[in-house]
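Please read the structure below before turning to the comments.
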Amino acid sequence: MIYGAMKFSIGGPLRLAFRPWVEGIENIPAEGPAILASNHLSFSDSFFLPAVLDRKVTFIAKAEYFTSPGVKGKLTAAFFKGVGQLPVDRSGARGAGEAAIKSGIEVLERGELFGIYPEGTRSPDGRLYRGKPGGLARVALATGAPVIPVAMIDTEKVQPPGKILPKMVRPGIRIGKPLDFSRYQGMENDRFILRSVTDEVMYEIMKLSGQEYVDIYATAAKRQIAEAAKAAEAKKKAEAEQAAQAGAE
């Protein structure tokens, strides 16, 4: 009921304002469980995708969105619950992974749609990064649910990281054909199978999105970018100090 109200109050205006285009909507089953595995370009991905679907889709979200203090924190928590997002504590990598898997299985056992971002975090530069094998593959093999690859297009231009106000850019969504991994059922503890399943899904997402693929995790890329920025800042500061010292002499 809350999801329906939120979808009407947010999804409608979102479609009207941004007019997202969609390809492959027929690949979403009318009923029954399915996993929507998407690339992740923007915070707004979790709103644009549900806005164009007739069925409810449940994503997982970091627990901080549900536990922030004050009136704003309570409103934020109510909003995320209303749009069908489940809290997952990401403070411990293994604990977060297990919580995500458990949440995904529960959603699928109810015959619903479960949305997941295999990259684990937003892309720092618009490229597609290596998928994490734990959550997506284990949920797929444990439930037998089909995996539907999804490509979000240009959503990072609508809501660039760090920006509050969105830009009026028309985003797109490409939905691929369902992938069947039933041949691997019962092998969810085999890390080679998990890697193979994840890579196959990421390949399909890459074909749909047209993104450049980078064979490292997005978290590692973010760390490298932060370290490079820190090194550049230190170099700039050192050069300024040298210039000041030379001027003083």
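Here are some notes:
- Pairs exceeding a 28 Å alpha-carbon distance, out of 102/177; 102/132; 132/167; 157/235; 102/230: 132/167; 157/235; 102/230.
- Within the accessible area of the stretch 130-249 (1.4 Å probe), percent carbon and sulfur: 54
- Extension gain, residue 244 to residue 183: 0.36 nm times the residue separation minus the Cα-Cα distance gives 15.2 nm.
- Under 5 Å, built H, 5+ apart or other chain: amide partners of residue 179: 147, 148
- Label-to-label distance for residue 157 and residue 17 is 1.8 nm, based on points extended 7 Å past Cα in the beta-carbon direction.
- Cα centroid of the stretch 180-212 to Cα centroid of the stretch 109-171, whole Å: 14
- Whether the stretch 149-249 is rounded, prolate or oblate, judged on the alpha carbon gyration tensor where a/c under 1.5 counts as rounded: oblate
- Dipole moment magnitude, nearest 20 debye, the stretch 160-207 about Cα centre, only Lys, Arg, Asp, Glu C-beta charged: 460
- FRET E, pair residue 190, residue 220, Förster distance 22 Å, beta-carbon r, rounded to 0.05: 0.35
- Net charge of Cβ neighbours under 11 Å - reference residue 150; Lys, Arg +1; Asp, Glu -1: -2
- Residue-count net charge about residue 230 - beta-carbon cut-off 12 Å; Lys, Arg +1, Asp, Glu -1: +2
- The convex hull defined by the C-alpha atoms of the stretch 110-180 has an orientation-averaged projected area of 6.1 nm².
The values are calculated or read from the model by the stated rules, or taken from the named source; none is laboratory data. Computed from a predicted structure; not experimentally measured. Positions of Cβ are backbone-derived with ideal geometry, glycine not excepted, and every protein chain shown enters the neighbour counts. Please note that ligands, DNA and RNA were not included when accessible areas were found on the heavy atoms of the full protein model with its side chains. Shrake-Rupley method; radii C 1.70, N 1.55, O 1.52, S 1.80 Å.
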